[in-house]
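Okay, so here's the structure we're looking at.
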Amino acid sequence: MSTENMALAKKCRGRPKQFDRDDALNKALKLFWKYGYEATSLADLVEATGAKAPTLYAEFGNKEGLFRAAVEHYLTLFVETSNRALMQSDVPLRQAIEEYLRAAAALFTDCDNPSGCFMVCTSATLSAASEEIASMLRSRHHLQEETLSEFLDSKKETGELSPKVSSRILAKYLNCTVQGMSVQARDGASRAELNQLVDVVMAIWPQLIAFEAQPVTAA
């Protein structure tokens, strides 16, 4: 933290009683979502949240701390909602995947939020100077892929998915589909258009769950 930032933090006598952490995170999240991590300044965050700089420093430490908190806030509010389809043990595999993809389409085109996926959008705007932030976002991307892979493995145990199918590759394919939908939404695609992409995935679903990936060998 710079000398100026330390001075600001020292002036703070604790968080004001009227400070609403969740409200501040919601506003900061939307700002980072729309403009990216590096293009969002502390002044922008102060204006958006309505909190003074010392209050934000006392609560989150610095801009990076606020961004990390916004990431976790996003995962709690949005990703867990889209993952709900994967948590229903009594829902057939095909239906669960379709609900998962359509939930993503709805999220990425929600008019109350910036378009696209927050994680994908912020990752795309980072420079080499923000490697720690980029690494953190990559780990979250990998976690989502692992969630899909574990879900597919559970369906092998119930006999809905052949043990010969690579859960890892199918999860990666689905994750790439979701990331592509995010990019399309960012470029202006509507929810209806994204749902058409989901229609395509579901049309080829029988081929996807019949595909047996071959081991990758080093070149």
Subset of segment 197-207 [open to solvent by less than 30 Å² (accessible area, probe 1.4 Å) and either more than 15 Å from Ala104 (Cα to Cα) or within 22 Å of the chain's Cα centre (by Cα) (or both)]
Val198, Val201, Trp205
Give the number of residues within segment 159-196 that are assigned to a helix (DSSP H, G or I), within 17 Å of Phe118 (Cα to Cα) and open to solvent by less than 70 Å² (accessible area, probe 1.4 Å).
9
Exactly one of (1) part of a helix (DSSP H, G or I); (2) at pLDDT 90 or above is unmet by Thr40. Its number?
(1)
If Leu143 meets every condition in (1) under 27 Å from Leu194 (Cβ atoms); (2) in a helix (DSSP H, G or I); (3) modelled with pLDDT of 90 or more; (4) of a type in the set (A, V, I, L, M, F, W, C) apart from one, which number is that one?
(3)
Yes or no: segment 50-63 includes at least one residue that is surrounded by fewer than 20 Cβ atoms within 10 Å (Cβ to Cβ), assigned to a helix (DSSP H, G or I) and free of Cβ contacts under 8 Å to residues at least 40 places away in the same chain.
no
With the checklist (1) at pLDDT 95 or above; (2) within 21 Å of Ala96 (Cβ to Cβ) in hand, flag the one item Glu193 doesn't pass.
(2)
Could you please give the count of residues in segment 20-65 that are touching a Cys at 6+ places or on another chain (Cβ under 9 Å) and on the phi > 0 side of the Ramachandran plot?
1
Show me the helices (runs of 4 or more DSSP H) entirely contained within segment 65-138 in which 2 or more residues are open to solvent by 60 Å² or more (accessible area, probe 1.4 Å) and within 16 Å of Val178 (Cα to Cα).
80-83, 93-108
Hits in segment 137-154 (condition: of a type outside the set (Phe, Trp, Tyr) and touching a helix residue (DSSP H, G or I) at 6+ places or on another chain (Cβ under 7 Å)):
Leu137, Arg140, His141, Gln144, Glu145, Thr147, Leu148, Ser149, Leu152, Asp153
Evaluation of Gly180 against (1) in contact (Cβ under 8 Å) with a residue 40 or more places away in the chain; (2) within 14 Å of the chain's Cα centre (by Cα) (one fails), failing number:
(1)
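The values are calculated or read from the model by the stated rules, or taken from the named source; none is laboratory data. Keep in mind it's a predicted model, so treat the numbers as computed, not measured. Don't worry about glycine lacking a Cβ; one is built from the backbone with ideal geometry, like all the others, and counts go over all protein chains shown. For the accessible areas, the whole protein counts, side chains as well, though only heavy atoms, and no ligand, DNA or RNA atoms are used. Shrake-Rupley method; radii C 1.70, N 1.55, O 1.52, S 1.80 Å.
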